[in-house]
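See below for the structure under consideration.
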Amino acid sequence: MKVTETKPEALMQVRDIVRHFSGPRTSFFGPRKVAHAVNGVSLDLYPGETLGLVGESGCGKSTIGQLLLNLIEPTSGSVTFLGQDITKADKTEWRRLRSEMQLVFQNPLGALNPRLTIGKQIREPLDIHDVGDEAGRDSKVQEMFEAVSLPPHLLARYPHQLSGGQQQRVVIARALIISPKLVVCDESVSALDVSVQAQVVNLLSDLQKKLGLTYLFITHDLSVVRHISNRIAVMYLGRIVELADSETLLENPIHPYTRALISAVPVPDPRARASRAVIKGEPPNPFNPPSGCAFHARCAHADTQCRTHLPEFRAIGEKHMVACHHAEALVGKSNTDAN
Amino acid sequence: MSGEAKHTTPAPGATEAEPLFQVRDLSVVFDTPDGTVQVVDSVNLKVSAGRTLGLVGESGSGKSVTCLAALGLLASRGRVTGGKVMFNGRDLLKIDDAEMSKLRGCEVAMVFQDPMVSLNPVRTIGWQISESIFLHQGLSRDAAAKRTIELLDMVGIPNSKSRVLEYPHQFSGGMSQRAMIAMAIACQPKLLIADEPTTALDVTIQAQILELLSDLKKELNMALILITHDLGVIAEAADDVAVMYAGRVVEEAQVLDLFDAPLHHYTLGLLNSLPRVDRKIDRLSAIEGAAPPPQEFVTGCRFEPRCGHCNASCTGTRPEFTDISATHRVACKHPMSVSS
């Protein structure tokens, strides 16, 4: 895949990354089954953008997040960050690079140390990466605390004394205090109540503008992703099946899976009930992936070609990539037309 | 089919008939080491046969506790301190444990959020479903096994004959939830309470389960109470809606009225803070602050600290319900104007 010259230089380039997990043995002396959690994904992340990565559980979206931060090693493929292949970086290089990338998980209480005060936890990254002097660190903690809109008296509290929304703000403050360039948000707002979720989503976009952050926003929630992302990638069984600008992807989706996913999201409008097309079946087992296009068993457009040949991930129109044999034929046609 | 046609309006005269299930002024307290906290405060709910009541609220609003208390399923720390729970002319708070056990799982059934936790991991799916039939309907083991296969077919589990012999870990999340629903409808209950039945599931599976619940409701003419935090699910599946906040119901309406003209500022705030897949919103209008924990519940309007329309009259006394129409009422002293 070539990056055209007009595009700004990518902050991170992911090329044909593959990650297998081995499962239980098929028999006592038999071979282990292999799950293809991520099966050849290529992505570019540009400075200052938010790339939304959506898909159902088990599609490999969280594995991608971990591969990008080198928390697990890829089976093959490369991840280039700031011009350096992080999968091959040695310890000292990696230590430096690591401070440029941070992760915000779903469950804030699980990510915070129950025995440390909030203030100490937010300060910890500065201590580890040896940033500034003592006084400078303290004032930076206060500054960051203010940036995530938390009242200063909470600095001396422990995680369990905070509400879920406050805890997630603490996790965000801790992730951002060493000024990373890339933040991977893995279901960061999924566990929060709607009214608090909106606050945290707004906070994340404000901080992005202020600090020029790049987000990889991993979620199963298409409504949130539409709101926060510039571009969206849809994953199905370890592969990206569609990638486009948020508006294009949600207004004119091409891949039948993307269409099904969008129509399955409940819309808070009781008058929209009739327009739903429910897809049958469940995602296939990654230990036993179907041949050809992984979606063919649930797809209304599937034919022999889909059952035998893997569709190529290719450009359909400007900045719109789709992996479907029928992509050209589906442009401008609704899912129901074909049925 | 037009959107309107999918909303069932009550039959004429239905409002006068006694609803199948009615919660009246139910209050629940929990005993904690730090004292007694009231988590449900004089809640009223009602649902008739063939209709779906959506009970919506954020975590800690008391929606699950209300239903658990009504069925006598409260944890040992919880106590009902007042109110009535009328089901089919009987007060469920007055009947003894044996009668309650007979009723639960038979005339009234419940489906919970996490099917994997609700199922017994060391028994086959078939065994667990037929147990309920065996206990409540007095069928022989053979007849119960036959009925189990019928039920699995009804909830859309393919290859039901072989899958009855499988264990819960061999079922996916969606299939487990279908099995739970099969267990719940085994005795053709008159009332089904579904507590966040789709929250742990993927959206495509959620859509399937909601469709299944709505089909079953029609087929069996059940009353359905759907507890959820997701207004999208409410819009999708409910006929009537009760919005709960901090242990109280703050607004009740039919689903179209609630979404067209919400009256409580909390309902409106909740609707406005939703990110939507079907339209572009530049900035979400979040409600400031967070819902109070039960220890900090006040007697006055509990939304007052987060509300932009309150004044001195909102604190101190509980806002009474104002009837806007026969089906729409709101507990707010300064509701959104009815005309707008």
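Every number in this text was worked out from the coordinates using simple rules, so none of it is lab data. Note that the structure is predicted; figures quoted are calculated from it, not measured. Backbone-built Cβ (ideal geometry, glycine too); neighbour counts: all protein chains shown.
If you take each beta carbon of peptide A:256-263 and count the beta carbons of other chains within 10 angstrom, what is the mean?
Details: counts 0, 1, 0, 0, 3, 5, 3, 4.
Mean inter-chain Cβ contacts per residue within 10 Å come to 2.
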task = Any of A:Lys210/B:Lys333; A:Lys61/A:Lys319; B:Lys161/B:Lys217; A:Lys120/B:Lys63; B:Lys94/B:Lys333; A:Lys61/A:Lys181 with alpha carbons more than 32 Å apart? Name them for me.
result = A:Lys210/B:Lys333; A:Lys120/B:Lys63; B:Lys94/B:Lys333
ask   = With a ≥ b ≥ c the root eigenvalues of the C-alpha gyration tensor of region B:131-216, is it rounded (a/c under 1.5), prolate (a/b larger than b/c) or oblate?
value = oblate
task = Return the aspartates and glutamates within reach of B:Lys146: Cα separation strictly under 19 angstrom, same-chain partners fewer than 8 residues apart disregarded; answer none if there are no such residues.
result = B:Glu131, B:Glu166
message = If you average the C-alpha positions of region B:171-229 and of region B:102-165 separately, how far apart do those two centres end up, in angstrom?
response = 14 Å
query = With each run of n ≥ 4 DSSP H residues scored as -39500 (n - 2.57), what mean residue ellipticity at 222 nm is computed for chain A after dividing by its residue count and rounding to the nearest 500 deg cm²/dmol?
reply = -9000 deg cm²/dmol
Mean Cα-pair separation over length for region A:52-208, i.e. relative contact order, pairs under 8 Å, 6 or more apart, % = 29 percent
ask   = How large is the helix-only mean residue ellipticity at 222 nm for chain B, computed as the sum of -39500 (n - 2.57) over DSSP H runs with n ≥ 4, divided by its residue count, in deg cm²/dmol to the nearest 500?
value = -8500 deg cm²/dmol
query = Where the centroid of each part is defined by its Cα atoms, how far is region B:248-267 from region B:26-88 in Å?
reply = 20 Å
note = Shielding of A:45-57 by other chains, given as the mean Cβ count within 10 Å, works out to 1
query = What ranking do B:Tyr245, A:Tyr158 get, fewest neighbouring Cβ atoms within 10 angstrom at the top?
reply = A:Tyr158, B:Tyr245
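Can you tell me the relative contact order of region A:1-106? Whole percent, Cα pairs under 8 Å, sequence separation 6 or more. Don't skip to the answer; put the middle values down first.
On the way: 139 pairs, mean separation 31.1, N = 106.
Value for region A:1-106: 29 percent.
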ask   = Which of these, B:Ala143, B:Ala69, B:Ala312, has the largest mean-square fluctuation under a Gaussian network model of chain B (Cα springs below 10 Å)?
value = B:Ala312
ask   = Along region B:319-335, what does the Karplus equation 6.51 cos²θ - 1.76 cosθ + 1.60 (θ = phi - 60°) give for ³J(HN,Hα), rounded to whole Hz, x for Gly and Pro?
value = x, 7, 6, 10, 7, 8, 8, 4, 10, 10, 9, 9, 9, 7, 7, 10, x
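Rounded, prolate or oblate, given the Cα gyration tensor of the protein assembly as shown, with a/c below 1.5 counting as rounded? Provide the component values of the computation, followed by the final result.
Numbers: a/c = 1.68, a/b = 1.24, b/c = 1.36.
It comes out oblate by the Cα gyration axes.
Quick check on chain B: take the gyration tensor over C-alpha atoms, sort the square-rooted eigenvalues as a ≥ b ≥ c, and tell me if it's rounded (a/c under 1.5), prolate or oblate.
prolate
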Peptide B:229-236, shielding by other chains (average Cβ, 10 Å cutoff) = 5
task = Please give the helix B:173-184 orientation as an angle from the longest Cα principal axis of chain B, in degrees from 0 to 90, rounded to the nearest 10.
result = 80 degrees
inquiry  = Under 17 Å between alpha carbons, and skipping anything fewer than 8 positions from B:Lys280 in its own chain: which aspartates and glutamates qualify?
reply    = A:Asp221, A:Asp245, A:Glu247, A:Glu251, A:Asp269
ask   = Normalised by the number of residues in region A:259-339, what is the relative contact order in percent for Cα pairs under 8 Å and 6+ residues apart?
value = 20 percent
inquiry  = Using alpha carbons only, how many angstrom separate the centre of region A:200-229 from the centre of region A:82-150?
reply    = 19 Å
